[in-house]
Amino acid sequence: MNDDGREARAAETMRSAPALRAGFALSDLTLRELWTAQVALGGMLSEEELRDTLELRREPTWAEHDVVAAALNDWFTERGQDHPVAYSEELRARDPGAS
């Protein structure tokens, strides 16, 4: 990826991977189940990219974050629980300096 591509990606991300990791840790989902759920919602992450995100080796874009957050939150709400994973809008509101 050239410098322009890295800068554009950085503008679309913030440190949101920890929120996804925490939500995943609270669930009983396997990596494959979460990957399948995010694909079913229109997510484009490969299983490897999802693993790297959950292991904090890559930051998702805001769009990627929201699809994975939705997949996790769906899992929780299907079990009568609250949705613990914040969406990008909520994360950006907490950090006004975020892109």
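Readers should treat all values here as calculations from the given coordinates under stated rules, not as data from a laboratory. Note that this is a predicted model, so its numbers are computed, not measured. In this analysis, Cβ positions are derived from the backbone assuming ideal geometry, glycine residues included, and neighbour counts consider all displayed protein chains.
Couple of notes before you dig in:
- Backbone N under 13 Å from the ALA63 label point (7 Å along Cα→Cβ), restricted to the range 23-48: 42-45
- Couplings for the range 82-88, taken from phi via the Karplus curve 6.51 cos²θ - 1.76 cosθ + 1.60 with θ = phi - 60°, read 6, 9, x, 9, 5, 8, 4 Hz in order; Gly and Pro are left as x.
- Remark: the range 68-75, residue by residue, has Karplus-estimated 3J(HN,Hα) of 5, 4, 4, 4, 5, 5, 4, 4 Hz, where x stands for each Gly or Pro and the curve is 6.51 cos²θ - 1.76 cosθ + 1.60 at θ = phi - 60°.
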